[in-house]
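Worksheet: the structure to be examined is printed underneath.
Values quoted throughout were computed directly from the atomic coordinates according to the rules given, and no laboratory measurement underlies them. These numbers were taken from a predicted model, which means no experiment stands behind them. Neighbour counts run over all protein chains shown; Cβ positions are idealised from the backbone, glycine included.
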Ligand code: CP3
């Protein structure tokens, strides 16, 4: 850990802090001119695989926004390649997995002993940690087994997750796939923590397509196993999903230190469904960054108010920043959150009670 005493890490541990830490999912990306300029020369995968470039993108974004944590620039799907599933990004289509998993045999042939080949991500983390020292915590990340499996099986994004669910319901290989993902991802994350990551975010972006029953039976056991393995590295774990309101109490059972909330649930309701235990991260609708400042500020203030000054709130969006987002709004929002002391809302709450 490079910055264990930081506001962000303390908030992840649900310890009291003077003001709410803030960072943004997808804070480095196409909405920034510096990133678009670099993308004229290099593909996304090339940037990910060159530690100097990935570290540069991470640092530039965190410094331009003045946020309280830097998330390493990488992609969720990188582990697929070392498991034997090559992929590429096609313009307008997003990720394309060249030979999606469709059978028990396909799952049987996935490799699990090449996590070390992802070392370029931890090299980038080490460079970012060296640059910031203790002044800025660095977040490493990985995909959750369900969301990674959904890409591996569907071959890309999906509306219905038909093939994924069919595999989940009918094949004894589902658990084998989950186990293989837990092995590779936990080794990958251990490298990230050894390189200096202060926290790890587990993205379960598409878990909201599941019923509570399916989540409970097919996803929770191996996701909990993953979270426990990741925690054994000594850093807090943030577990994020979208469309996950009904799943929140179950996601909490993974034991993650912080649960990421999307914008569909009022922050206090989401936190209440976790019994106010542990920390929460979120949860402004990313599209509010396109609204005028008055509305953006009012809605952000409302989120701080719903957090009520309780220890353990990290301000973020309910999902990633979109490519056309005006950078100046992200910067103004960061400053607004940082200029607002936590206490104010505690006092207001007490006065109104
Ligand atoms: O947050 C950050 O600043 C760190 C960088 C980051 C990227 N991908 C870089 C990236 C992170 C955290 C991710 C995670 C990721 N990747 C997720 C989970 C997060 C989420 O939004 O739920 C998922 C599902 C992926 C897979 C993926 N990568 C998709 C669906 C896409 C979109 C394709 C498109 O064309 O929009 C990507 C591409 C991607 N990953 C971009 C960036 C900056 C944009 C594409 C580019 O630069 O060409």
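Please report the antiparallel percentage of DSSP beta bridges with both residues in the chain, rounded to the nearest 5. Before the final figure, lay out the partial values.
Details: 5 of 29 bridges.
Bridges in the chain are about 15 percent antiparallel.
Taking the longest Cα principal axis of the chain as reference, the axis of helix 327-339 is set at about 60 degrees. If a spin label sat at a point 7 angstrom from the Cα of residue 18 along the line to its beta carbon, no backbone N atom of segment 178-221 would be nearer than 20 Å.
Ranked by Cβ crowding within 10 angstrom, fewest neighbours first, how are 274, 230, 77 ordered?
Starting with the residue having the fewest Cβ neighbours, the order is 274, 77, 230.
Exposure proxy for 22, 17, 182: other Cβ atoms within 10 Å of each Cβ, ordered fewest to most, give 17, 182, 22.
One decimal place: the segment residue 287-residue 111 gains 59.4 nm when fully extended, by the rule 0.36 nm per residue minus the C-alpha distance. Per the Debye formula on identical point scatterers at the alpha carbon atoms of the chain, with no solvent, log10 I(q)/I(0) at q = 0.09 Å⁻¹ is -0.46.
Principal axis extents of the Cα atoms in segment 199-323, from largest to smallest and rounded to whole angstrom, are 44, 29, 27. Spin-label model, residue 252 to residue 93: label points 7 Å out along the Cα-to-beta-carbon direction sit 4.3 nm apart. Model label points for residue 194 and residue 216, set 7 angstrom from Cα along the Cα-to-Cβ axis, are 3.9 nm apart. With the cut-off at 1.5 for a/c, could you classify segment 166-269 from its C-alpha gyration tensor as rounded, prolate or oblate? Oblate, because a/c is 1.5 or more while a/b does not exceed b/c.
Estimated from the Cβ-Cβ distance and a Förster radius of 35 angstrom, the FRET efficiency linking residue 294 and residue 130 is about 0.30. With a simple spin-label model that places each label point 7 Å from the Cα along the Cα-to-Cβ direction, the separation between residue 339 and residue 179 comes to 5.6 nm.
The fewest-to-most ranking of 254, 60, 147 by surrounding Cβ atoms within 10 Å reads 60, 254, 147.
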